[in-house]
Amino acid sequence: MSTLISALFVVVLASAPVLAQDAGPRVVVPAHDIERGQVIADADLVEQTVAPMRMRPGVVSDASALVGREARRLLHAGEPVRSDDVRMPVLVVKGSTVTMIFTVPGIVLTATGRAMSDGGLGETVVVQNPASYRQVSCIVTGAGTVRAADSTPAGASQ
């Protein structure tokens with residue numbers, strides 16, 4: 001009888017770390033180190049159970065929130081990734097010349113300007129008009145192209 005109890009005790013102790021490890025939430029983590037500026041692909045990610053003490057606010061649990069995004073910093077393999085650790089790939093580079101599109105009903109104007117910050121698709125950047133030095137808040141719509149934030153989206157009918 002004591003042999004049976006001892007064997008059962010050994011089995012319970014051997015499985016204790018596994019049970020404790022599975023107790024945490026499942027999140028998406030890098031399968032390998034991802035360099036700053038690298039665009040994340042599905043193959044770069046794996047699902048992993050993380051200890052509750054390693055969970056921080058904003059940790060991403062779904063791969064779709066990371067795939068196609070660019071790493072803002074070095075992401076270490078197996079470490080949880082926060083949503084602010086990634087961003088849309090940069091399409092407008094600070095200091096570069098961009099095409100600004102201003103749209104109002106019946107009129108579309110374009111002008112060139114200088115980007116005052118980096119920005120990805122859908123992000124807001126400030127663009128300076130080189131003739132007037134006036135700064136305009138714009139939304140990135142493509143590589144080197146922005147739309148004035150207070151104008152109607154290009155292609156919208158009114």
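The numbers here are math on the coordinates, done by the rules we state, and not lab data. Remember, it's a predicted structure, so these values are computed and weren't measured experimentally. Heads up, the Cβs are rebuilt from the backbone with ideal geometry, glycines too, and the neighbour counts pull from every protein chain shown.
Could you please let me know if GLY122 is within 17 Å of the chain's Cα centre (by Cα) and either closer than 26 Å to ARG147 by Cα or charged (D, E, K, R) (or both)?
Numbers: within 17 Å of the chain's Cα centre (by Cα): yes; either closer than 26 Å to ARG147 by Cα or charged (D, E, K, R) (or both): yes.
When the stated conditions are applied, GLY122 passes them.
Within region 41-62, how many residues turn out to be surrounded by 15 or more Cβ atoms within 10 Å (Cβ to Cβ) and closer than 28 Å to GLY142 by Cβ?
3
Filter region 37-69 down to the residues that are part of a loop (DSSP other than H, G, I, E, B) and of a type in the set (A, V, I, L, M) and list them by number.
ILE40, ALA41, VAL50, ALA51, MET55, VAL60, LEU66, VAL67
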